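Undergrad: Structure provided below as structure tokens; questions to follow.
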Amino acid sequence: DEGIDVALGAGIDHVAFSRLAGTLPEVLVPKAQLARLARLSRHVPFAASALGVECRLRGRNTAVDLGAACVRAAATLEWPSPANACHRVRQSASADPRWQAIDRFFRLWSTRGSASSAWIPFVFLEYDSDGADPPVPSVFAALDSPVGVAPSRGCPEAAAAHEVARILLGDELRDEQARAIDACFGAMRGRTRILHVAAMLGRLPRSVRVSL
């Protein structure tokens, strides 16, 4: 099991990516992109439990992005110890304020009693193939929610969405972006759910994204 290998401290770039690479057809992932994905995978923290890729199927853009999923249980057990982040992640975190923000978010996510701990079951890190080096991922947080229909069920997961935006974007979070998050939750009716809230740290301008 790849998750067990990661939990034991094996580098995910050697464990999971080597297995993933062998399954990717060249028509979707050219060799040059495969080499880029391998380099990106070395910046994935050990708390990740799965890898995936995003391919562009139209046009001449052959860039292939890398994704890494982190479940809350693994983050709770592993993230608080710096030894469980791969060496390159530790190096990046010491120099890049965006990685420092990711570190603060994972620590909050691992803290019992926080809205993020209560309502975010997993996080997806997206590394853009055409992004800068060293890479910084955008962070997509999946949102759980109570049973029932909106608005009567309430939206306690909105507090987690605000934690994601506030901690990951910091001073770059604009008041109108925070109000837009509230507007999205306030507009939900019936069985509508907001599935993800994302801080697009790997792209300019920095922004917040929600997915219904």
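What follows is calculated from the coordinates using simple rules that are stated; it is not laboratory data. In this text the structure is predicted, and so the values were computed from the model without any measurement. Glycine gets a Cβ as well: all are built from the backbone with ideal geometry, and neighbour counts include every protein chain shown.
Undergrad: With all pairs of different alpha carbon atoms counted, what Kirkwood hydrodynamic radius in Å does region 104-212 show?
TA: Averaging 1/r across every pair of different Cα atoms and inverting gives 14.3 Å.
Undergrad: Also, quick follow-up: With a 10 Å radius around each residue's Cβ, average the other Cβ atoms per peptide and rank 50-63, 99-112, highest first.
TA: Peptide ranking by packing, descending: 99-112, 50-63.
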